[in-house]
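Below: the structure, in structure tokens.
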Amino acid sequence: MTFANPEFFLLLIAVPAMILWYWKRQRSQLAEMQISTVQVFHSVPRTWRQRLRHGLFALRVVGFALLVTALARPQSTNRGENVTTEGIDIVLAQDISGSMLAEDFKPNRVEAAKRVAADFISGRSNDRVGLVIFAGESFTQCPLTLDHAVVLNLLREVKPGMIEDGTAIGLGLATAVTRLKESKAKSRVIILLTDGVNNRGFIDPLTASGIAQSFGVRVYTVGVGTIGMAPYPVQTPFGVQYQSIPAELDEPLLQKIADQTGGKYFRATDNRTLKEIYGEIDQLEKTKIEVTQFHRHREEFYQAAMFAGFFLLLEVFLSQTVFRKIP
């Protein structure tokens with residue numbers, strides 16, 4: 001509730017003056033008589049009109065206060081927002097080759113990448129997100145959508161072994177570009193995550209990078225894997241055994257892809273740095289949101305004016321009828 005003319009509330013200063021005037025007027029109208037004792041009057045009951053004689057003045061004060069409120073023009077306000085978003089279309093290209101099971105990340109590379117990606121997706125409420133997975137081949141796990149619950153559910157199902165093993169970086173990138181080439185979004189982004197060297201597929205990674213550049217798609221590349229050797233689980237007749245494998249990561253290639261498309265290359269060596277990388281990408285790719293606020297005012301002084309008139313008329317009516325003469 002707001003008031004269009006709150007300055008009228010200054011008139012309420014007159015209320016104490018009205019009360020003081022009424023009190024002095026009542027005292028001046030009292031007649032004085034000297035008697036020896038007033039004990040005899042204690043047994044005389046007071047009539048209801050005597051008890052309510054000050055009610056007329058109370059009606060006048062309430063009526064005046066409501067009239068001032070009506071003059072201040074109370075208004076109920078409805079507020080809203082028109083939100084215009086300039087969303088970003090983002091495709092996550094996730095490596096699910098066998099080497100992603102290495103446990104230099106906890107619990108392993110692929111699960112660590114999925115968790116960080118899930119947090120990233122949850123924070124992009126205004127953007128369409130898609131998911132491409134690749135190993136020796138590649139395919140679209142989820143097309144671009146605003147239904148992030150669907151993307152998250154499909155992301156949870158991702159695991160190594162779903163497709164033929166290997167690392168087809170060029171094929172994974174090309175598939176992601178295919179999902180974005182028809183996009184009308186102002187900004188189109190691919191986040192390509194891998195831990196290996198391109199060794200499969202019929203599309204060269206730099207060729208796929210050139211295609212992305214021609215469509216105006218920006219590629220952020222993320223290389224995962226500790227520097228040096230990483231523990232890798234191997235199933236044996238005696239249970240799971242661990243052997244150390246080198247981190248074979250083609251960083252120059254990932255750097256070239258990022259530079260060619262206007263993106264950026266990141267190296268993640270543990271869970272913390274991987275989370276920080278996605279946080280930095282999140283900051284770099286901010287969705288533009290334009291908010292237009294609107295306010296609708298509805299006049300509410302009618303009720304106050306109505307009640308003010310009712311109380312003032314009631315005071316006049318009672319003063320000329322019921323309380324006209326107090327015995």
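The single condition among (1) in contact with a Phe, Trp or Tyr (Cβ under 9 Å, 6 or more places away or on another chain); (2) of a type in the set (Asp, Glu); (3) under 23 Å from Asp250 (Cβ atoms) that Glu164 does not meet is (1). Being of a type outside the set (D, E, K, R), surrounded by 20 or more Cβ atoms within 10 Å (Cβ to Cβ) and at pLDDT 95 or above is a condition met by at least one residue of region 78-90. Somewhere in region 157-165, is a residue of a type in the set (Gly, Ala, Ser) and modelled with pLDDT under 95? Yes - at least one qualifying residue is present in region 157-165.
Taken together, Val129, Val116, Val68, Val110 contain a single residue that is of a type in the set (Val, Ile, Thr), modelled with pLDDT under 90 and either out of contact with any strand residue (DSSP E or B) (no Cβ under 9 Å at 6 or more places or on another chain) or not assigned by TED's automatic domain parsing to the domain that holds Phe310 (or both), which is Val68.
Among the residues making up region 97-113, a single one is among the basic types (Lys, Arg) and surrounded by fewer than 21 Cβ atoms within 10 Å (Cβ to Cβ): Lys106. Scanning region 89-128 for residues that are out of contact with any Pro (no Cβ under 8 Å at 6 or more places or on another chain), touching a residue at least 40 places away in the same chain (Cβ under 8 Å) and of a type outside the set (S, T, N, Q) yields a count of 20.
Against the condition assigned by TED's automatic domain parsing to the domain that holds Leu101 and more than 14 Å from Ile96 (Cα to Cα), how does Arg200 come out, does it pass? In short, no. What number of residues within region 191-210 are touching a Leu at 6+ places or on another chain (Cβ under 7 Å) and touching a residue at least 60 places away in the same chain (Cβ under 8 Å)? Going through region 191-210 one residue at a time, the tally reaches 5. Could you tell me which residue of region 215-237 is surrounded by the most Cβ atoms within 10 Å (Cβ to Cβ), considering only residues that are within 35 Å of the chain's Cα centre (by Cα) and not hydrophobic (A, V, I, L, M, F, W, C)? Only one residue tops the list, namely Thr221.
State whether one or more residues within region 130-137 are closer than 28 Å to Thr273 by Cβ, outside any strand (DSSP E or B) and more than 28 Å from the chain's Cα centre (by Cα). Among the residues of region 130-137, at least one is closer than 28 Å to Thr273 by Cβ, outside any strand (DSSP E or B) and more than 28 Å from the chain's Cα centre (by Cα), which makes the answer yes. Total residues in region 164-200 satisfying the condition of being part of a loop (DSSP other than H, G, I, E, B) and not charged (D, E, K, R): the figure is 9.
The values are calculated or read from the model by the stated rules, or taken from the named source; none is laboratory data. Here the structure is a predicted model, which is why all the values come from computation and not from measurement. Neighbour counts run over all protein chains shown; Cβ positions are idealised from the backbone, glycine included.
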